[in-house]
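The structure under discussion appears below in the form of structure tokens.
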Amino acid sequence: MNDRSDSDQLPAAGHRLIPHTADCIIEAWGPGRASCLTEALCALVEEFAEAPDATAPRLLPLAAEPAGNEDMLVTLFEEVIYTLDVLSVVPVRFHLTETAGGGVAGDMEVVPVDQVELIGPVPKGVSYHELSMAAHEGGWRCHVLVDV
């Protein structure tokens with residue numbers, strides 16, 4: 001986990017998990033929107049699983065159509081939660097780039113859930129409460145509350 005307490009000294013890209021009553025707050029940042037989204041997705045997985053560093057045997061597509069930044073963030077989080085719930089796989093790496101139309105697209109490397117160590121409750125959904133994603137001081141930042 002990348003964790004910094006002094007937000008004025010944030011690295012080019014990173015994330016942190018903040019415990020919250022029965023939920024988890026994820027804050028992520030990056031020099032571009034796609035890198036910020038990638039960091040947020042990495043934090044989502046870190047919240048509940050420790051995955052092997054080995055090459056994942058399977059790639060699944062991951063994309064969000066052009067929409068508001070917060071809506072794109074929720075779309076990607078919901079796709080990861082769906083993948084975990086329905087396909088019983090856990091993403092171990094994400095690859096996202098901006099699309100010409102204003103969305104983001106790429107893939108996620110996944111492993112079967114039995115190949116990771118579950119260290120926390122599996123996320124159940126994303127809250128629109130306190131949700132934000134915007135350009136900030138030459139980069140991008142997001143803040144999201146995850147229901148666990």
Query raised in the report: For segment 96-148, how many residues are outside any loop (DSSP other than H, G, I, E, B), open to solvent by less than 60 Å² (accessible area, probe 1.4 Å) and of a type in the set (Val, Ile, Thr)?
Result: 7
Query - Among (1) at pLDDT 90 or above; (2) within 19 Å of residue 105 (Cβ to Cβ); (3) surrounded by 13 or more Cβ atoms within 10 Å (Cβ to Cβ), the one test that residue 56 misses - result: (1)
Report task. Check segment 84-94 and report whether any residue there is small (Gly, Ala, Ser), open to solvent by 40 Å² or more (accessible area, probe 1.4 Å) and at pLDDT 95 or above. Result -> yes
Requested in this report: Looking only at segment 102-114, count how many residues are of a type outside the set (Asp, Glu) and either modelled with pLDDT under 95 or out of contact with any Pro (no Cβ under 6 Å at 6 or more places or on another chain) (or both).
Outcome: 6
Report summary line: Cβ pairs under 8 Å, 6+ apart or interchain, first in segment 73-87 and part of a helix (DSSP H, G or I), second at pLDDT below 95 and among the hydroxyl-bearing types (Ser, Thr, Tyr), ordered by first then second residue, are 74/128
**Report entry** Index of the failed condition, residue 8 passing every other in (1) out of contact with any Gly (no Cβ under 8 Å at 6 or more places or on another chain); (2) assigned to a helix (DSSP H, G or I); (3) modelled with pLDDT of 95 or more; (4) open to solvent by 70 Å² or more (accessible area, probe 1.4 Å)
**Finding:** (3)
Query raised in the report: Given the residues 64, 100, 51, which is the only one that is of a type in the set (Gly, Ala, Ser) and farther than 17 Å from residue 32 by Cβ?
Result: 51
Report task. Starting from segment 130-146, take each residue that is farther than 17 Å from residue 31 by Cβ and of a type in the set (A, V, I, L, M, F, W, C) and list its partners that are open to solvent by 50 Å² or more (accessible area, probe 1.4 Å) and at pLDDT 95 or above, counting only C-beta distances under 7 angstrom and pairs at least six apart or across chains. Result -> 131/70
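The values are calculated or read from the model by the stated rules, or taken from the named source; none is laboratory data. As the structure is a prediction and not an experimental result, all values here were calculated from the model. Virtual Cβ from ideal backbone geometry, glycine too; neighbours counted across all protein chains shown. With ligands, DNA and RNA removed, areas are computed over all heavy atoms of the protein, side chains included. Shrake-Rupley method; radii C 1.70, N 1.55, O 1.52, S 1.80 Å.
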